[in-house]
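Quick note: the coordinates plus some simple rules give every number you see, no bench work behind them. Only a predicted model underlies this, so the values are computations on that prediction, with no experimental measurement involved. All Cβ positions, even for glycine, are placed from backbone atoms using ideal geometry, and neighbour counts span all protein chains on display.
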Amino acid sequence: MNHERAVREWDLTIEPHTSIFHLSLRDIWRYRDLLFLLVKRDFVSFYKQTILGPLWFFLQPLFTTLIYVIIFSRLARISTDDLPAPLFYIVGIVAWNYFAECLTKTSTVFRDNANMFGKVYFPRLIMPLSIVLSNLVKFGVQIILLLLIFLYYIIFKDYHPETN
């Protein structure tokens, strides 16, 4: 009985102005310069402190593919269904790298950039979107690497995928 009375005493309900699925693309477009600067910041800050710089875009998937080929194709002898092993593994590595980077970095973006949120207003979606876009640049470079490996197998190794 006491509980019912306490519930009736509350007469104010706080609700959001819009639903969770309503994205204000106009705000994102208005802050596109900030989005571009954050993408550039992510890109430059990650590779500026390394010796090889942006070459890591190419080297990381190549070395990972090499390790997969040695372990899974040579030592464990796992079949790739008549596909060249490097091509088979690099396709998965490139796709997985994009997904994993986006997931791990966006999961902590609000905690890592809390100091920016208190200083100036901008749409909060800009921060995770900048991470997804900077990873999309890396993904594009790695797709070019994937296409080069695919062309290598078509031209020099006489590998032609079946066309049905």
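Cross-link partners of K40 among lysines, defined as those whose alpha carbon lies under 24 angstrom from its own and excluding same-chain residues fewer than eight positions apart: K48, K105, K119, K138. Going from the residue with the fewest nearby Cβ atoms within 10 Å to the one with the most, M116, M127 rank M116, M127. When +1 charges are put on Lys and Arg Cβ atoms and -1 charges on Asp and Glu Cβ atoms, the dipole computed for segment 48-133 relative to its Cα centre reaches about 360 debye. Could you compute the FRET efficiency for I71 and T18, with r as their C-beta to C-beta distance and R0 at 41 Å, rounded to 0.05? Between I71 and T18 the formula returns 0.25.
Size descriptor for segment 25-155, Kirkwood hydrodynamic radius: 16.8 Å (Cα pairs only, one decimal).
In terms of surrounding Cβ atoms within a 10 Å radius of their Cβ, R30, R111 rank from fewest to most as R111, R30.
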